[in-house]
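**Q** First, the structure itself, so that you have it in front of you.
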């Protein structure tokens, strides 16, 4: 069990110091409510910026750049520049690279997890784009190499941080007296969207398309009110219940909560992408092809229109899905990372790897049905949308790592 808990007050001070904000809780009675609200809003927005910067773009990092002393690939597979043999940089990255810029000679070659980039002798730097989300400018001198030499092989290692920080099938975290679990989901390739078993699908669930996701962790349940209270010292939900999912939290506020939780626990929590969420809802590698998350019978796994009494219920009171995850159908809808797009891009020639949706938008995607929805909406591919500042008593969220 991971337990790196600090008092919430101490955590807030640490975060506020990072933001260069000092808040004095002295004579608050003399301050107007408007002033206090404005201060809170400023902190919320600054923390949201921190989350947006760190959520994905900083998950990649350069781990090493060095000479591969015994590798003779540059001589065996020689490429010339002005009649002189080039240097060879082998870039090691799980997802490969999208672009290599600098004194690059010809096209780069993908060989499994390696990308071979031939460069002019004397080159001093290289710019690499990974997974369309991170750009690195590597200055070789920073790694003790003044310039590249002819026929020499170099290895550049780029790794994803945070995702595989843990290895257990289930990781337990604790904030004060409140504990919660994260379920490991082994990655794989699946068909996302309106597959035949989903039935009664909507236009925005088309076309069905192949998607590959890497290994990740996802919350066993939706974020509960007791966990939200433990971190934020407030509970905005209309229907109160410690074990019930928190609701009336906007996407923006969910990001602030995650930034706070990450600071408390030391783990890099985030909001799952739409592709991750649906993969987990379908059961991942253990999927049995159900329409709902864990069953073809909604009553087994979901609180929805016919059984909810028009309100959400405590988490884990219905059956889990194939991965041991609860309430991915019914109870409350859940924010995901992606900006909403009306139709999935046509992806017929290649598999989309770890997609995160459009880079810009006005509304965020919501996955999962809620307690007011009819049975047809309980399908795992169902989608909704809302502006990121919206508060709704039918919308909550779930964590990812």
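**Q** Most exposed first by the Cβ proxy, i.e. fewest other Cβ within 10 Å, how do 381, 255 rank?
**A** 381, 255
**Q** Once the Cβ-Cβ distance between residue 70 and residue 166 is put in as r, and R0 is 30 Å, what FRET efficiency do you end up with, to the nearest 0.05?
**A** Numbers: r = 34 Å, r/R0 = 1.14.
The value I calculate is 0.30.
**Q** Based on DSSP, what percent of beta bridges with both residues in the stretch 60-160 are antiparallel, to the nearest 5? Spell out each step's value before the answer.
**A** Details: 29 of 34 bridges.
Of the beta bridges lying entirely in the stretch 60-160, close to 85 percent run antiparallel.
**Q** Provide the descending list of Cα extents for the stretch 170-397 along its principal axes, expressed in whole angstroms.
**A** Extents along the principal axes, in whole Å: 49, 37, 34.
**Q** To continue, here is another question. Taking the Cβ-Cβ separation of residue 234 and residue 61 as r and a Förster radius of 45 Å, what is the calculated FRET efficiency to the nearest 0.05?
**A** Result of the calculation: an efficiency of 0.80.
**Q** Sorted from fewest to most neighbouring beta carbons within 10 Å, what does the list 384, 394, 360 look like?
**A** The order, fewest Cβ neighbours first, is 360, 394, 384.
**Q** I'd like the FRET efficiency for residue 79 and residue 159, computed as 1/(1 + (r/R0)^6) with the beta carbon distance as r and R0 of 25 Å, rounded to 0.05.
**A** That gives a FRET efficiency of 0.40.
**Q** Find how much the distance from residue 215 to residue 360 grows on full extension, using 0.36 nm per residue of separation minus their present alpha carbon separation; answer in nm with one decimal.
**A** That pair, residue 215 and residue 360, stretches by 49.7 nm at full extension.
**Q** If you don't mind, another one. Roughly speaking, what is the centre-to-centre gap between the stretch 343-401 and the stretch 206-275 when only Cα atoms are used, to the nearest Å?
**A** Going from one Cα centre to the other spans 14 Å.
**Q** Continuing with this model, one more query. May I ask you to sort 166, 180 by Cβ crowding, counting other Cβ atoms within 10 Å and putting the fewest first?
**A** Fewest to most other Cβ atoms nearby, the residues stand as 166, 180.
**Q** Provide, for q = 0.12, 0.18, 0.25 Å⁻¹, the log10 of I(q)/I(0) from a solvent-free Debye sum over equal Cα point scatterers in the stretch 60-160.
**A** So the normalised log intensities are -0.33, -0.76, -1.53.
No value in this document is a laboratory result; all are computed from the given coordinates. Owing to the predicted nature of the structure, the values given are computational and were not obtained by experimental measurement. Note that each Cβ is placed from the backbone with ideal geometry, even for glycine, and that neighbours are counted across all protein chains shown.
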